Amino acid sequence: MTNNDARVGRLNQAPDRAGSYVLYWMQASMRARHNPALESAIACANERGLPCLVVSALTEGFPGANARHYRFLLEGLAETQTTLAERNAEFILLQGEPVETVAAAASEAALVIADASYLREPRRRRKELADRLSTALVQVEGDVVVPVGAASSKEEYSAATLRRKLQPLIEKFSSLPEEQHAECGPDRIDTSSIAPAYPHLEQLLAEDPQRVLDAISVDHSIPASRAYRGGFSEAEHRLNEFIDQRLAEYNINRNDPALSWVSNLSAYLHFGQISPLYIARRAQAALPPDHPGLESFLEELIVRRELAMNFTHYNPHYDSFECLPNWAKETLRVHSTDARLELYSLRQLEHAETSDRYWNAAQLEMLRTGKMHGYMRMYWGKRLIEWHRRPEAAFETAVHLNDTYELDGRDPNGYAGIAWCFGKHDRGWPERPIFGKVRSMTAGGLKRKFDIEAYAERWS
Ligand SMILES: Cc1cc2nc3c(=O)[nH]c(=O)nc-3n(C[C@H](O)[C@H](O)[C@H](O)COP(=O)(O)OP(=O)(O)OC[C@H]3O[C@@H](n4cnc5c(N)ncnc54)[C@H](O)[C@@H]3O)c2cc1C
């Protein structure tokens, strides 16, 4: 295996065996650049004199996913397919239940490599696949700077406690994987036994990702985003622009919703279309190490993002009210009998029909583009607590709306961000109605700090 060993872990005890190819199941790191799992698969294939086969499984009806997410994912995969071909690796887009289809694709594999996820469902699938395979399944963690288990063996209390553990390790995990060409061509792989319809979906993908979307059964009620196009090139373009124009003043302007002084990379990170380590390295190359803009950006990209991975990895209740610390659950429950001035139905919230102009603007930004500004996400989540009788229901609504409409939804960052609104990774504050000891945010605060009218005007 290549790269730092802490990125690599065996998921079963089956030995690797003589086979016709090395299989990489690309699920989380959907990119052909700076991808440690892909580089491990190509290196293993080259060592054995075998071709490298990469498969991704399109699951129709993946919980919470809709056309907006699939379209972005497929745009990224179309580019990945082209780059894999340039690197002499074969790509097959499987259709159906991933454990079934990937297990079938592994029938002649010498070894199977997977990337890592920190969420319940993908982890269950990897475990099931590990139990099914009679060859080795190896996981390579490439969507974090520091592997989650190496950073900490337990759920961390706050950003401060994780930061202390991450900082001495970042340097050790800062090398990007070396990129190799697959030496052995894919013509030795009998693709007909792996995917009978091959290359139907792959051809559609190469022609136009929308054609794949039309051919599969997904929820089309939420349209694709016109503001964000998926893929590594698009992510890199946004990264270049961010580094040139905004990184140096990120610490000053990042919170201002009227300016939108952020990288807009979260959806690309969510779908694994760009490596967080690559982003960090590019930012580090642009500014001196103690530059406040760089420090502030790396705090979000590494500490906050990897705190979210730590949270979903170690807290099995990450997407419900149960995940919160006891003090936060208790105080919110005690104050659930406090009078609420307004209550809204899910439909009213979904359609941005509240009396709060700023909240509606944030909701509309999310509905239209697939991405709400980060500062507004905090305000948006906090207001939901005031508009539900029970805090448990407010949490549920937040998860539902976030996962449905955000392109970067269904991500550890989303669950950690929502939980933060309810007190997670935060401390207690002076007690007040409805919120109890949980920090509150008000429209007055938005008005004092930003030109929030300009933001509201833009999205109304
Ligand atoms: C209620 C709520 C819901 C959220 N839902 C999501 C979600 O579904 N998906 C998601 O990726 N993020 C979510 N966040 C975290 C954060 O708001 C977004 O990551 C950020 O706004 C993405 O925009 P950007 O890429 O332009 O960020 P930038 O400011 O440019 O930051 C760069 C990267 O750092 C990471 N980052 C930034 N802020 C945070 C943060 N507070 N916590 C963890 N990582 C961070 C992200 O990966 C981001 O792409 C949520 C936050 C809250 C409060």
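Since every read-out is calculated from the coordinates, none of them should be taken as a lab result. These numbers come from a predicted model, not from an experiment. Quick reminder, even Gly has a Cβ in these numbers, built from the backbone with ideal geometry, and neighbours come from all protein chains shown.
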What is the fewest-to-most order of HIS335, HIS388, HIS400, HIS69 by other Cβ atoms lying within 10 Å of their Cβ?
-> HIS400, HIS335, HIS388, HIS69
What ranking do CYS421, CYS44 get, fewest neighbouring Cβ atoms within 10 angstrom at the top?
-> CYS44, CYS421
Give me VAL148, VAL140 ranked fewest to most by other Cβ atoms within 10 Å of their Cβ, as a rough exposure proxy.
-> VAL148, VAL140
Rounded, prolate or oblate: which one fits the stretch 232-314, using the alpha carbon gyration tensor with axes a ≥ b ≥ c (rounded when a/c is under 1.5, else prolate when a/b beats b/c, else oblate)?
-> rounded
Separation between Cα centres of the stretch 195-238 and the stretch 85-113, rounded to whole Å | 19 Å
Roughly how many debye, to the nearest 20, is the charge dipole of the stretch 232-314 about its Cα centre, given +1 on each Lys and Arg Cβ, -1 on each Asp and Glu Cβ, and no other charges?
-> 180 debye
Between the alpha-carbon centers of the stretch 257-306 and the stretch 307-366, tell me the distance in whole angstrom.
-> 26 Å
1/(1 + (r/R0)^6) with r = Cβ-Cβ of VAL334 and SER221, R0 = 35 Å, i.e. FRET efficiency to nearest 0.05, evaluates to 0.35
Based solely on its DSSP helices, what 222 nm [θ] is calculated for the chain when runs of n ≥ 4 H residues each add -39,500 (n - 2.57) and the sum is averaged over all residues, nearest 500 deg cm²/dmol?
-> -14000 deg cm²/dmol
Residues meeting the amide H criterion for LEU407 (H placed from the backbone, H to H distance under 5 Å, 5 or more places apart or on another chain) are LYS371
Each residue of the stretch 39-55 in turn: what ³J(HN,Hα) in whole Hz from Karplus with 6.51, -1.76, 1.60 and θ = phi - 60°, glycine and Pro shown as x?
-> 5, 5, 5, 5, 4, 5, 5, 4, 4, 8, x, 10, x, 10, 10, 10, 10
Can you give the Kirkwood hydrodynamic radius of the stretch 408-454 from its Cα pairs, in Å with one decimal?
-> 12.5 Å
